[in-house]
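Only the coordinates and a few stated rules stand behind these numbers; no lab work does. These figures come from a predicted structure and were not determined experimentally. Ideal geometry is used to build each Cβ from the backbone, glycine not excepted, and the neighbour counts take in all protein chains shown.
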Amino acid sequence: MMRCATSKRRSSPVRFGRLLLAFCLVLATLLPAGPAAAALSADDYQRVNEALVADHVVPRYRTLAAAAERLDAAAAAYCAAPGEDRLGALRAAFGETLDGWMGVQHLQFGPVELFLRNYRLHFWPQARGKVGGAVAELLAAADPAALEEARFRNASTAVQGLPALEVLLYGPDAEAPPADYRCRLLRRITSGMAGMTRDIVADWQGGNVAFAETLASPGEDNPYFESAQEATLAFFQRLYNGLEMIADARLRPVLGASAEQSQPGLAESRLSGRSLRNVVLNLEALQALYLGEGGPGLAALVAGSGADPELDPLLRKAFRLTLENARGIEPPLTEAVADPAARPQLEQLLTQVRAIRQIVRDRLTKAIDLAIGFNSMDGD
Amino acid sequence: MGGADRGSGTGAVVPALGRRRLLALLAGTAALPLAGRGVGRAAAGDGRALFLSACADAAGRFFAGGFDADGALAYRVPLADRGHSLAVAPDGEVAVQFARRPGRFLVAFDPASGARLHEVANAEGRRFNGHGAFSADGALLYASENDFEGDRGIVGVYERAAGFRRVGEFASHGLGPHDLRLMPDGRTLVVANGGIRTDPELSRIKLNIPTMAPSLAYLDARDGRLLDRLALPEAQHLASIRHLAVRADGLVAFAIQYQGPKGELVPLAGTHRPGEPALRLFAAEPAVLRQLDNYIGSAALDCSGRYLATASPRGGTIQVWEAESGRPVCAPEIADGCGVAATEVPGVFLASSGLGGTFVVEAGSGRATPIAAPALQALRWDHHIVRRDA
């Protein structure tokens with residue numbers, strides 16, 4: 001009785017560009033006249049996708065993995081002979097690893113999503129006080145079995161990554177000679193992080209996952225990406241979501257409505273005083289996703305489509321000015337929120353990030369022909 | 001963009017139809033003539049019913065809108081912020097629009113005229129999650145809410161005769177309660193506890209994905225007593241149960257938003273019959289699941305109860321299932337399509353798009369036919385459509 005099929009015929013990506021004209025004619029009957037659709041081909045998207053994987057994603061994950069390996073070594077050295085110098089070296093290695101993470105934290109798709117690696121490496125934001133509480137609990141119980149590798153891997157994500165490490169290195173008793181258990185926890189975290197980041201790099205490039213290939217070979221049987229355009233959409237979403245996280249998680253809640261209503265306790269990486277540095281590194285990474293890093297980025301599609309000639313100069317300028325402002329804020333975020341000189345800069349930064357977000361949502365999607373809807377963007 | 005309810009269309013919003021929509025157009029499955037006036041009515045019954053849905057205009061102003069199956073826009077009720085779903089009283093004389101989570105208001109209005117009746121703000125320490133339902137006698141309204149301080153889901157209780165004054169609350173027995181319905185027995189509420197922890201200060205960011213524990217809870221509508229609670233097996237804890245549709249015989253259909261990796265294709269819809277020990281998931285071929293992009297934004301049963309429609313705005317697909325067997329029936333494509341509601345004709349749904357416009361969806365033909373109605377095409381329709389019978 002039911003005549004409709006559950007699968008539909010699809011046009012091959014190769015025909016995409018040629019058929020775009022037909023699409024526009026149909027579209028014209030459905031919608032009042034709008035800006036001309038971009039004449040980008042599947043190859044255009046494909047070229048950008050592959051370049052972003054090769055120049056942006058993989059090198060940045062390599063940087064993170066290398067930093068995590070040095071961090072693990074620094075933790076080993078510190079625990080072998082604890083002292084001020086080695087604590088300093090360990091903290092420096094922590095900072096480099098956090099920097100590495102901030103350079104990829106926008107790339108929340110692919111291997112980093114497997115086995116909850118994203119949450120295990122840096123679960124933020126999460127419920128207030130959760131990390132400190134979970135670490136304190138672990139230290140108080142001092143149960144050796146809790147640190148067995150297989151068990152720790154399945155432990156609360158709150159104790160497995162950079163936020164827990166920050167508590168150990170900058171929180172209560174960080175400068176006291178570490179108890180044996182504290183050091184074993186440190187090592188368990190750093191070796192886990194080194195392993196996870198190494199595995200992410202490996203999974204992008206080969207093995208069972210080979211996500212670079214998944215991204216580069218869209219099609220009907222590809223569970224992630226049906227077309228090159230859809231893979232580009234994933235990059236776009238990372239750009240948009242990255243901007244949203246800066247505005248909605250890293251800045252706005254901390255700033256509050258006024259200096260009096262600011263909440264420094266909500267700042268990311270508060271203990272190590274790196275909150276604003278994180279924001280700068282996030283912005284640099286998002287700028288790099290847009291511009292490309294050696295090869296083409298999303299900007300190349302804007303140029304290729306020609307649909308909005310003013311967009312590219314506007315976005316370049318917006319990123320540049322926003323970064324200049326962010327880099328120019330002197331005090332740490334936790335103090336800047338109530339600092340009469342720095343607070344206006346922060347408020348401006350928030351406005352700037354929101355403006356970029358709006359530009360990419362309203363104009364970049366159009367210019368490079370990515371469909372992002374009212375509902376699909378929302379999530380509920 | 002003045003007078004934006006006509007004319008400028010969706011051009012100022014997002015120009016492109018979805019990829020899948022594009023491909024469908026090219027393949028001819030959706031390149032149908034627009035249904036003219038009268039066609040929607042013919043497909044959707046006698047047209048006396050009104051369909052209610054939150055929407056936004058091209059200028060970014062938010063409303064609760066009422067329209068008929070023919071595409072005539074009856075009214076728009078202005079809202080201070082974006083709305084989500086609505087509830088209609090059993091007598092059809094009052095409708096309530098809930099603000100989108102973390103919502104700060106509910107607005108009661110006359111669903112026949114659009115006249116605004118009451119606006120109620122969120123209670124201290126509570127926010128609306130966007131859904132609600134009336135009691136069988138229409139005297140009380142139940143709303144899904146969050147208690148952030150207590151880190152728990154709440155059902156807020158409001159008294160209609162008192163201008164929707166909040167008169168009580170009880171636990172939803174799970175985090176992040178979302179959709180909520182009254183069962184046909186008139187005494188039981190069924191709540192989709194999505195399982196996700198949020199914080200009103202952190203926008204809509206999800207704070208507990210690694211440990212989330214969604215559930216379907218049955219509560220006594222009189223006192224909130226927990227009657228039954230069902231969860232998926234622990235390995236499926238990332239499947240956030242969000243939306244519900246309830247059949248006259250008590251079958252509960254639910255729809256899922258999967259929080260795991262995009263390429264993991266998991267069942268996204270299922271059913272439960274009260275008293276049964278487990279939730280039943282609709283298994284489906286990867287090709288079917290992939291079209292849904294791990295995300296279903298709304299669910300509705302048709303008037304016969306035979307078909308369940310689940311809308312994926314991300315996949316640009318309305319997937320129709322046979323509610324009893326869980327068999328996929330068809331998947332017409334609507335870019336950013338999310339709102340879906342039963343019409344008076346078996347197997348026929350009314351659906352809407354966030355890019356603008358409404359559609360007649362027929363399970364029989366597997367088609368989604370746009371309704372020619374400039375006023376509706378000029379509005380971005382939000383997640384849910386709720387029907388109000390005349």
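Values as computed for the structure displayed
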{"item": "Isotropically averaged projected area of the range B:172-242, using the convex hull of Cα atoms (one quarter of hull area), nm²", "result": "5.1"}
{"item": "Cα pair distances exceeding 38 angstrom across the protein assembly as shown, given as percent", "result": "39"}
{"item": "Student exercise, chain A dipole from Lys, Arg, Asp, Glu Cβ charges, in Debye to nearest 20", "result": "540"}
{"item": "Under 5 Å, built H, 5+ apart or other chain: amide partners of B:ILE385", "result": "B:VAL340"}
{"item": "Dipole moment magnitude, nearest 20 debye, the range B:184-271 about Cα centre, only Lys, Arg, Asp, Glu C-beta charged", "result": "160"}
{"item": "Average partner coverage of B:261-269, which counts Cβ from other chains inside 10 Å", "result": "4"}
{"item": "Mean separation of Cα contacts under 8 Å, 6 or more apart, over the residue count of chain A: relative contact order %", "result": "22"}
{"item": "Net charge, A:ALA341 excluded, C-beta distance under 14 Å - Lys, Arg +1, Asp, Glu -1", "result": "-3"}
{"item": "Chain B - Rg (one decimal) and Dmax (whole number), Cα, Å", "result": "19.2, 55"}
{"item": "Dipole of chain B, positive direction: furthest Cα of B:VAL320, B:ALA300, B:SER113, with charges on the beta-carbon", "result": "B:VAL320"}
{"item": "Cβ-defined net charge surrounding B:PRO277, 13 Å radius [Lys, Arg +1; Asp, Glu -1]", "result": "+1"}
{"item": "Placed amide H near B:ALA283: partners under 5 Å, 5+ positions off or other chain", "result": "none"}
{"item": "Candidates B:ARG152, B:ARG380, B:ARG101, ranked by Gaussian network fluctuation over chain B, Cα under 10 Å, top entry", "result": "B:ARG152"}
{"item": "Loop-resident sites, the range A:208-248, for GluC sites (Glu not before Pro), counting at most 14 other Cβ within 10 Å (DSSP)", "result": "A:GLU220"}
{"item": "Farthest positive-ward along the protein assembly as shown dipole, Cα basis, beta-carbon charges - from A:PRO344, A:GLN126, A:LEU162", "result": "A:PRO344"}
{"item": "Mean Cα-pair separation over length for chain B, i.e. relative contact order, pairs under 8 Å, 6 or more apart, %", "result": "17"}
{"item": "Part-to-part distance (alpha-carbon centres) for the range A:331-347 and the range B:211-261, which is given in Å", "result": "44"}
{"item": "Positive-end residue of B:ALA123, B:GLY83, B:ALA373, charge dipole of the range B:9-388 with Cβ unit charges", "result": "B:ALA373"}
{"item": "Mean Kyte hydropathy of 1.0 or more with a Cα span along the axis of at least 15 Å, helices from DSSP in chain A", "result": "A:16-30, A:130-141"}
{"item": "Helix-only [θ]222 nm of the protein assembly as shown, DSSP H runs n ≥ 4, -39500 (n - 2.57) each, per residue, nearest 500", "result": "-9500 deg cm²/dmol"}
{"item": "Label point distance in nm, A:ALA76-B:ASP249, each placed 7 Å from Cα along Cα→Cβ", "result": "6.6"}
{"item": "Distance histogram in 5 Å bins (all Cα pairs of the range A:228-367, percent per bin)", "result": "2, 10, 20, 23, 17, 11, 9, 6, 3, 0"}
{"item": "Residue-wise HN-Hα coupling along the range B:385-390, computed from phi with Karplus coefficients 6.51, -1.76, 1.60 (Hz; x: Gly, Pro)", "result": "10, 10, 8, 10, 6, 6"}
{"item": "Three-way shape call for the range A:112-221 based on the alpha-carbon gyration tensor, with the a/c threshold at 1.5", "result": "prolate"}
{"item": "Hz values of 3J(HN,Hα) by residue in the range B:355-361 - Karplus curve (6.51, -1.76, 1.60), Gly and Pro given as x", "result": "8, x, x, 10, 9, 9, 10"}
{"item": "Average beta carbon contacts from partner chains per residue of B:206-213, 10 Å cutoff", "result": "5"}
{"item": "Within chain B: Cβ-based charge dipole about Cα centre, in debye rounded to nearest 20 (Lys, Arg +1; Asp, Glu -1)", "result": "720"}
{"item": "Partnerless cysteines, meaning none of the other Cys C-beta atoms lie under 4.7 Å away, in chain B", "result": "B:CYS55, B:CYS303, B:CYS338"}
{"item": "R0 of 35 Å, Cβ-Cβ distance B:ARG48-B:ARG225: FRET efficiency to nearest 0.05", "result": "0.35"}
{"item": "Net length gained if the chain between A:ALA257 and A:GLU213 were fully extended (0.36 nm per residue, minus Cα distance)", "result": "11.2 nm"}
{"item": "Placed amide H near B:GLY83: partners under 5 Å, 5+ positions off or other chain", "result": "B:CYS55, B:PHE63, B:ARG100"}
